[in-house]
1. Considering only residues that are of a type outside the set (G, A, S) and either touching a Gly at 6+ places or on another chain (Cβ under 8 Å) or surrounded by fewer than 15 Cβ atoms within 10 Å (Cβ to Cβ) (or both), which ones fall in segment B:13-26?
2. Looking only at segment A:109-118, decide whether some residue is out of contact with any helix residue (DSSP H, G or I) (no Cβ under 7 Å at 6 or more places or on another chain) and either under 30 Å from A:C285 (Cβ atoms) or open to solvent by 40 Å² or more (accessible area, probe 1.4 Å) (or both).
3. In segment A:73-88, what residues are within 19 Å of A:K29 (Cα to Cα) and away from chain B (no Cβ under 14 Å)?
4. Across segment A:41-72, what is the number of residues that are under 12 Å from B:F59 (Cα atoms), more than 8 Å from every other protein chain (Cβ to nearest Cβ) and small (G, A, S)?
5. Restricting to segment B:18-52, give me the number of residues that are farther than 19 Å from A:F249 by Cα and free of Cβ contacts under 8 Å to residues at least 24 places away in the same chain.
6. Closer than 22 Å to B:S57 by Cβ, facing chain B (nearest Cβ under 8 Å) and within 18 Å of the chain's Cα centre (by Cα): is that true of A:T269 in this structure?
7. Scan segment B:82-89 and give yes if some residue there is at the interface with another protein chain (Cβ under 10 Å from one of its Cβ atoms), of a type in the set (G, A, S) and open to solvent by less than 50 Å² (accessible area, probe 1.4 Å), otherwise no.
8. Let me confirm something: among A:D87, A:D62, which residue is within 27 Å of A:L183 (Cβ to Cβ), over 23 Å from the mean Cα position of the chain (by Cα), in a helix (DSSP H, G or I) and charged (D, E, K, R)?
Amino acid sequence: MSSPRGPLFSPTRIWALSVNTLTELSRMKIFYFLLIFALVVIGNSFFMARLSFEEEFQMLKDVSLGAMSIFTALLAILATAMLLPKDLEDRTTFTILAKPVPRYEYLAGKLLGILLLLAISIAVMTGLFLLVLWLREQSVLADIRSQQLPPDDLANAIASVKAVTFNANLAPGIAIIFVKAALLASLTLMISTFASSSIFTMMIAIAVYFIGHLQATAREYWLEGLTPQWWTKPALAFIALLFPDLQAFSLTDDIVAGNPIPFALFTQTAALGLLYIGVYYLLACFFFSNREL
Amino acid sequence: MKRVVIGLAALLAFGAARLPLEIHLDRLQRTAGFRATSLDLPLREQIGQMGFVAALSGFRSLVAAVLWIEAHNAWQELEWGRMAGLLSTVTTLQPKSILYWDMSGWHMAYNASQAALDDKKRQPSAILRQRAQQQYFDLGKKFYLDGLRTNPDSGALWEKLAILERDKFQDHAAAAHAFAEAASKPDARPYERRFAAYELAQIPGREREAYEKLKALYDEGPTQRYPTLVHDIKVLEEKLGIPTDQRIMDAEPGSAH
């Protein structure tokens, strides 16, 4: 169905807006944080060389995935919080919305741009992490091969090294990091549609981030009636209903420790993440639809 | 203002709608071994306010890695008490990591215990040094047992416990049980069944059981006929008075690898 302004929802326009958002963010030199990540991963791997190879690989995975979680969460919140205020300040919003671009498409383009940025960042960080892990594995294997071991012992030693290096569960773990970051971006976008400044948006989003990690505890206390005072029950219910359960997306800590993630659990966790993203986007559209610009 | 109120109501309605989904997912995740860490007040005292906030914010593995490095430094400086505390915190933060439980148990039961026994400068009394050594054995064992409570299917941890029971506690019954458990796990090593039988052979009153297990291994073929296995069977044949025609043939040296 078309209107005089064109189709109701134009993927081409959204794509154009998202690419533009990505370019804009790239010009803000946002990718420089990848250098810090590289320093953390490479520096960490040199420092860890004094540990046993099992410890070294475990540390490398812990530190790399932990840093990946921190950087993507920060990137999702900080970059998204700056988008709308910057467009308003540059008056880009007026130029775009004066053209036949509905506000919901504008927001979809912005969100997709951020998701692209997060996907590229995670891909680069994953590539770097896997490269360093592979290099360290090769270094340990070369060391083992240089020792004159009997063939059986050599095969066992190589198998032991390979067993603790790469793990198929790392892939869903990294995917969950992306889903969590995308959720945070969507949430921050929603906040920024009614916020008065980017600082306010950041503060609220960071507060939601911390409370979101405690939401599951609040929910448990509320539903199990573990409340000492009468007024805590409605307070806990409010927290449980209003905030997202971010602990549901903190699976990487256990995955990196060797806990396998079943496929059904992975898909259901990702589906919950997509549900959050969708609802926060719809609410963002609702708040932004009548906002005075 | 009206929009904010409507938006807030919509968020609460969404919260109510997703509640069953979240409860279901929470249950699924716990069943699959996730969300097993208890972030409570004692842990906050151990890792400090910042560490606790970081652990609460989904960076448990990162905090654990930093504390592990600190524990490694404590090891190099021979500060065993500090190291024990740090290892305890690391394993609390990452209870699914077999490596952390394994290494923590090993550091306490082997490194710290030996250092305690050798440290004549700090403790001149031999009895007290032996007592300290025993305490570190117990601490190492505690790490293995706590690790097994969270990871009961870890063959590697059962094996480490078995070796500790055998070498440091000389408790052959406990060692036999732990080796047998290790042998029944998905990551079992081929020698663990044999080791369980060797330990059984050392327990007075369980000779018949040990003989049957060793004989069953022997009957599996030449790959199981190690010199120790053959020797133990021969000793038990004598002890149990096994008829000559049922006894094993003398094993040829080198028939097993």
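The values are calculated or read from the model by the stated rules, or taken from the named source; none is laboratory data. Please read all numbers here as calculations on a predicted model, not as lab measurements. Cβ: placed from backbone, ideal geometry, glycine included. Neighbour counts: every protein chain shown. Each accessible area value is taken on the protein alone, full model and side chains, heavy atoms only, with ligands, DNA and RNA left out. Shrake-Rupley method; radii C 1.70, N 1.55, O 1.52, S 1.80 Å.
1. To start, the set of residues in segment B:13-26 that are of a type outside the set (G, A, S) comprises B:14, B:18-26.
Result: B:P20, B:H24.
2. No - not one qualifying residue is present in segment A:109-118.
3. At the first step, the residues of segment A:73-88 found to be within 19 Å of A:K29 (Cα to Cα) are A:73-87.
Residues satisfying the conditions are A:L75, A:L78, A:A79, A:T80, A:A81, A:M82, A:L83, A:L84, A:P85, A:K86, A:D87.
4. Our first condition is that a residue be under 12 Å from B:F59 (Cα atoms); within segment A:41-72, this holds for A:62-71.
Of the ones still in play, those that are also more than 8 Å from every other protein chain (Cβ to nearest Cβ) are A:64, A:68, A:71.
Those left that are additionally small (G, A, S): A:64.
Residues meeting the conditions: 1.
5. 9
6. Working: closer than 22 Å to B:S57 by Cβ: yes; facing chain B (nearest Cβ under 8 Å): yes; within 18 Å of the chain's Cα centre (by Cα): yes.
In short, yes.
7. no
8. On the way: A:D62 fails: over 23 Å from the mean Cα position of the chain (by Cα).
Answer to the check: A:D87.
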